[in-house]
Amino acid sequence: MERKADAKARSGIDVLVAGAGYVGLAAAVSLKQARPGLAVALVDAAPAGSWQRDGRASAIAAAACRMLDQLGVWAEIAPKAQAITEMIITDSRSADPVRPVFLTFGGEVAPGEPFAHMVANRALNGALRAKAEQLGIDIIEGVAVQGFETNGAGMSVHLADGATLAARLLVAADGVNSKLRDMAGIKTVKWDYGQSGIVCTVAHERPHNGRAEEHFLPAGPFATLPLIPDEDGTNRSSIVWVERAEDAKTLVEGDDLVFEHELEQRFGLKLGEIRVADKPRAWPLGLTIARAFVAPRIALAGDAAHGIHPIAGQGLNLGFKDVAALAEVIVEADRLGQDIGALDVLERYQQWRRFDTVQMGITTDVLNRLFSNDITPLRTVRDIGLGLVERMPRLKEFFIRQASGLSAGTPRLLKGEAI
């Protein structure tokens, strides 16, 4: 059970993290573990226990797994995680009787280390919350930040319940529609794709053997991601199904038999009979990138800084990169006796993360526009490109390392090293 911040904690907070999702929790844990002397607190607008109702799962890259291991939570998560042992990519129409495989990836970045795992969001959030509690991090739940102002060497953060918290730094991890980003006057580059991502869990007759598949279909990608079996041994996979927004709404809100029929057309029968194991949900998709990641005494992290298309499965991993870079910058500044909320300190974090984020945003945008269509010349070009990559082992290895989060300039936590 989360502890409530007492009056003493509220009067002298070094770092206040707004948002108790996995990015916010990881940021708080990373800072407190590296610098136990820092007073760290979390405030979250969501009601207590709402995270336990999240039925989704996320792909966690190898670098993020190394970070979670360094933070001391991977041992709890690992038994609930499914290693992705193979990734295959096809390009077809949903009615095509045969879907030729254009690209395959082996599942390891090093012997015995898969390039990614699938983890239930509840398991990830629960492990990070338990670690936060162990470290003595206060979590204030069910209360939104209503406003803040800087005052020299600190800031006052006003909560919706009337309380005011004094802090040196505010980390905004409150999602893609971040209120704190708006309060700080940070503008965004933003557009809507006219697509929605349908997410659900599918039970199937035969085991998936750790294989993930991504089918590029005219309306958007359809990804099948392996999960560990249910408690009763049922084979399961997570589905991320991108459709035109109006079609997704019709599918999710319409007749269950129609949904199952459309799902079966895309999923196929390679794993035997399938059934939908939970209520499908749909989220609108777009690109949102903050024009700045920092302002005086505030730093954006995770979706508050960037919301990208799920076509490459890198949204959560970008957020963990933010956490690792921000923690490293703040910890080093604190060790040197610098003001952790000063703009010159925070700009080091911005310089580290902004280019990589913009690059990933552009990459996912181009991929989505290139593959989410049925234009014959484009289909020919992209299929030739996929085929060429398939025949170039070194290029495939490069893409695997990029997907695993182990590219150049990786922060120490993502290498599995202490700050």
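The values are calculated or read from the model by the stated rules, or taken from the named source; none is laboratory data. Note that the coordinates shown come from a computational prediction; the quantities given were computed from them, not determined experimentally. Cβ coordinates were reconstructed from backbone atoms using ideal geometry, including for glycine residues, and neighbour counts include every protein chain displayed.
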Check your understanding: If we scan the range 291-301, do we find a residue that is farther than 19 Å from residue 22 by Cα and in contact with a Cys (Cβ under 7 Å, 6 or more places away or on another chain)?
Key -> no
Point to revise | Candidates 202, 252, 258, 242 - the one that is hydrophobic (A, V, I, L, M, F, W, C), out of contact with any Pro (no Cβ under 9 Å at 6 or more places or on another chain) and in contact (Cβ under 8 Å) with a residue 24 or more places away in the chain | key: 202
Revision key, fill the gap. (1) under 25 Å from residue 57 (Cβ atoms); (2) crowded, with 20+ Cβ neighbours inside 10 Å; (3) touching a residue at least 60 places away in the same chain (Cβ under 8 Å) all hold for residue 340 apart from (1)
Review point. Among strands (runs of 3 or more DSSP E) lying entirely in the range 252-316, which contain 1 or more residues that are modelled with pLDDT of 95 or more, out of contact with any His (no Cβ under 7 Å at 6 or more places or on another chain) and surrounded by fewer than 21 Cβ atoms within 10 Å (Cβ to Cβ)?
Key: 274-276, 281-290
Check your understanding: Among the candidates 68, 31, which residue alone is part of a helix (DSSP H, G or I), farther than 17 Å from residue 16 by Cβ, of a type outside the set (Lys, Arg) and at pLDDT 95 or above?
Key -> 68
Practice item. Name, by its number, the condition in (1) basic (Lys, Arg); (2) at pLDDT 75 or above; (3) surrounded by fewer than 20 Cβ atoms within 10 Å (Cβ to Cβ) that does not hold for residue 353. Key: (3)
Check your understanding: Does residue 319 count as in a helix (DSSP H, G or I) and at pLDDT 95 or above?
Key -> yes
Review point. Of the conditions (1) buried (at least 21 other Cβ atoms within 10 Å of the Cβ); (2) more than 21 Å from residue 119 (Cβ to Cβ); (3) within 19 Å of the chain's Cα centre (by Cα), residue 243 fails just one. Which one is it?
Key: (3)
Point to revise | Options 380, 364: the member that is at pLDDT below 80 and hydroxyl-bearing (Ser, Thr, Tyr) | key: 380
